[in-house]
Amino acid sequence: MSEAPTLDAPVAEEPVLPPAPRMPALLGALSFVASRRRTVRRLTAEYGRCVRIRVPVFGDSILVADPALAKQIFTTSPEVLHNIQPNLSRLLGKGSVFGLEGTAHRRRRKLLTPPFHGKSISGYERIVEEETLREVASWPDGEQFETLEPMMRITLNVILRAVFGAEGEELQQLRELLPKWVTLGSRLSVLPTPKHPAAPWSPWARLASYRRTYEGLIDKLIAAARRDPDFADRADVLSLFLRSTYDDGTAMSRGDIGDELLAILAAGHETTASTLGWAFERISRHPQVLERLVAEAATEDNTYRQATIFEVQRNRTVIDFAGRHVAAPVYELGPWRIPQGFSIMVSLLQLHSDPEVYPDPERFDPQRFLEEKPNTFSWVPFGGGTRRCVGAAFANMELDVVLRTVLRHFVIQTTDAPGEKVHSRGVAFTPKKGGRVVVYRRPVARGA
Ligand code: HEM
């Protein structure tokens, strides 16, 4: 259990830290790297829902698995808590939301919000449906296959079309370049940056050459968008960036546009695909859930599908942490006083496994979200507060449309095979065997 501070009031500003595991720091760090999820589960069970640990790359860190503390962290001023350091911006460019803080972050979020909300999103549904139909056209009948890779292609193509506004040759080139670049970038993001110029054969040099190719392609896309006689009506996010300005009338710089598009892709591609892979893995193992989904997919309703999406994201959380960096001299977190420079890691996974909030948390049961909408601070697959995922509504639409389309066109065979194990793919945690299913094409698609 957590040790609360004693009644002897500590001297102001003196750190008061949560308990640390009684093991050599190096061993704790190695165990975290080797098996992050298991280590966090074990530590929070043994030492309480707020634990101190030293983590390679992130340094002195506080693990938080307590809903009340998570709420406090997500509602703390962004001046006090910055984004975790290092984050994706280290490799993908400092000009995206990941690398911005304070006013610069707020201004950028204001620019990013319109394309990822309400009306704009429903405009992208057609692209998601088209990409899904294109991908499933080659699915085999009656043979087991992995859904994860097809889902990766769908979510990549959706982002390239809806966000980058790419078509034709540029679309094809980006399709080939980006997955390998983002995968390499995410792997390198947890390693220290080399102090000397990268050797030509090193992965860092490969990363730099991917960047040069990428910037050339973005230049071409910007030129094509501006040349388009319908530029003023184009709905892709790149065109919205090119047309919009900050409150002071200035526009996003060319460098920032490249960084932001890349960040959106890195943040939104594998995460959404992994969630879809898990959705197929889960529903093929729960015949009653599948039956209700199939019946509903023949209608325009999506109440049960939405509850299922919420439950997949809780029961198989693909991003396990939302991280912050203490920027203020001291951060008062519940009874603790955390010094400047510490990392704070909110364990989204542990919050989703809390038996006090989710009775029998291992059980997959969409019913949990039929009567009650998810709670902002205990259902947190998209993190929380001012840094909450900017693409949450977009991702939710994508999950809904892909599932609906597949359910309408295929019979998914149920299985009593044990659930797939969890595997770290780079950005997200995926089903280890790729979310394998057997499907049969329906002679006539159901529903609209
Ligand atoms: C199921 C799919 C997704 C999951 C689980 C997910 C999860 C997350 C999480 C946990 C964060 C960090 C939040 C925090 O620190 O509190 C985040 C940030 C972010 N996500 Fe997502 N995401 C998904 C899809 C998307 C999509 C589709 C996009 C864009 C189209 C996107 C764009 C972003 C961006 C730009 C940020 C950084 C926000 C900032 O720092 O202000 N994500 N996401």
* Structure fact -> the chain: relative contact order from alpha carbon pairs under 8 Å, six or more residues apart, as a whole percent, is 25
* Using every Cα-Cα pair within the stretch 334-430, state what percent have a distance larger than 15 Å. => 78
* **the stretch 103-153: GluC sites (Glu not before Pro) falling in loop per DSSP and having at most 11 other Cβ within 10 Å** => 143
* Calculate for the chain the 222 nm mean residue ellipticity that helices alone would give, adding -39,500 (n - 2.57) per DSSP H run of length 4 or more and normalising by residue count, nearest 500 deg cm²/dmol. => -15000 deg cm²/dmol
* **Simple label model, 7 Å out from Cα along Cβ direction - residue 417 to residue 141, nm** => 2.2
* May I ask you to give the solvent-accessible area per residue for the stretch 358-414, in square angstrom, as obtained with a 1.4 angstrom probe? => 40
* Which number comes out as Rg/Rh for the stretch 210-345 once both Rg and the Kirkwood Rh are worked out on C-alpha atoms? -> 1.11
* Asked: For residue 187 and residue 101 in the same chain, what is the full-extension length gain: residue separation times 0.36 nm, less their Cα-Cα distance, in nm?
  -> 28.6 nm
* What is the percent of Cα-Cα separations in the stretch 144-237 that go past 23 Å? -> 39
* Structure fact -> the stretch 103-187 accessible area per residue, 1.4 Å probe, protein heavy atoms, integer Å², reads 46
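Among 278-285, 76-83, how do they line up by average Cβ neighbours within 10 Å per residue, starting with the highest?
So the peptides 278-285, 76-83, ranked by packing, come out 278-285, 76-83.
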* Report the one residue of 165, 179, 151 whose Cα lies farthest in the direction of the positive end of the charge dipole of the stretch 143-196 (charges on C-beta: Lys and Arg +1, Asp and Glu -1; origin at the Cα centre). => 179
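Provide the net charge surrounding residue 36, with neighbours chosen by a C-beta distance below 13 Å and charges set as Lys +1, Arg +1, Asp -1, Glu -1.
Around residue 36, the surrounding residues sum to +3.
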* **Dimensions in Å of the chain - Rg and Dmax from alpha carbons** => 22.5, 74
* Note the full-extension length gain between residue 213 and residue 113 as 0.36 nm times their separation in residues minus their Cα-Cα distance, in nm to one decimal. => 33.2 nm
* Once the Cβ-Cβ distance between residue 243 and residue 134 is put in as r, and R0 is 25 Å, what FRET efficiency do you end up with, to the nearest 0.05? -> 0.30
* Under a GNM of the chain (C-alpha, springs under 10 Å), which listed residue has the highest mean-square fluctuation: 297, 417, 68? -> 417
* Calculated SAXS-style log₁₀ I(q)/I(0) at q = 0.19 Å⁻¹ - the stretch 70-209, Debye, Cα scatterers -> -1.26
* To do: Please report, as a whole percent, how much of the solvent-accessible surface of the chain comes from carbon and sulfur atoms (probe radius 1.4 Å).
  => 55
* To do: State, as an integer percentage, the relative contact order of the stretch 142-228 based on alpha-carbon contacts under 8 Å between residues 6 or more apart.
  => 32
* May I ask what percent, to the nearest 5, of DSSP beta bridges between residues of the chain are antiparallel? => 90
* Does the stretch 4-100 classify as rounded, prolate or oblate by the C-alpha gyration tensor (a ≥ b ≥ c root eigenvalues; a/c under 1.5 gives rounded; else a/b over b/c gives prolate, otherwise oblate)? -> oblate
* To do: May I ask you to list the residues of the stretch 107-144 whose amide nitrogen lies under 18 Å from a point 7 Å from Cα along the Cα→beta-carbon direction of residue 441?
  => 130-144
* 3J(HN,Hα) from dihedral phi, the stretch 296-310, Karplus parametrisation 6.51/-1.76/1.60, rounded to Hz, x for glycine, proline -> 5, 5, 6, 10, 8, 6, 9, 4, 6, 5, 5, 4, 5, 4, 4
* To do: Report the residue, chosen from 133, 156, 265, that carries the largest GNM mean-square fluctuation when the chain is represented by alpha-carbon nodes joined by springs under 10 Å.
  => 133
* Relative pair counts by distance (%), Cα atoms of the stretch 294-362, 10 Å bins -> 17, 30, 25, 18, 7, 3
* Pairwise Lys count, the chain - Cα closer than 23 Å, eight or more residues apart or different chains -> 13
* Asked: Between rounded, prolate and oblate, where does the stretch 383-442 land on the alpha carbon gyration tensor, with a ≥ b ≥ c its root eigenvalues, rounded for a/c under 1.5, else prolate if a/b exceeds b/c?
  -> oblate
* Structure fact -> Given a Förster distance of 41 Å, the FRET efficiency implied by the Cβ-Cβ spacing of residue 37 and residue 220, rounded to the nearest 0.05, works out to 0.50
* **Cα-based Rg / Dmax (Å) for the stretch 339-388** => 13.2, 42
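The values are calculated or read from the model by the stated rules, or taken from the named source; none is laboratory data. Only a predicted model underlies this, so the values are computations on that prediction, with no experimental measurement involved. Glycine also receives a Cβ, built like all others from the backbone with ideal geometry; neighbour counts cover every protein chain displayed. When the accessible area is computed, the model is the full protein with side chains, heavy atoms only, and any ligands, DNA or RNA have been set aside. Shrake-Rupley method; radii C 1.70, N 1.55, O 1.52, S 1.80 Å.
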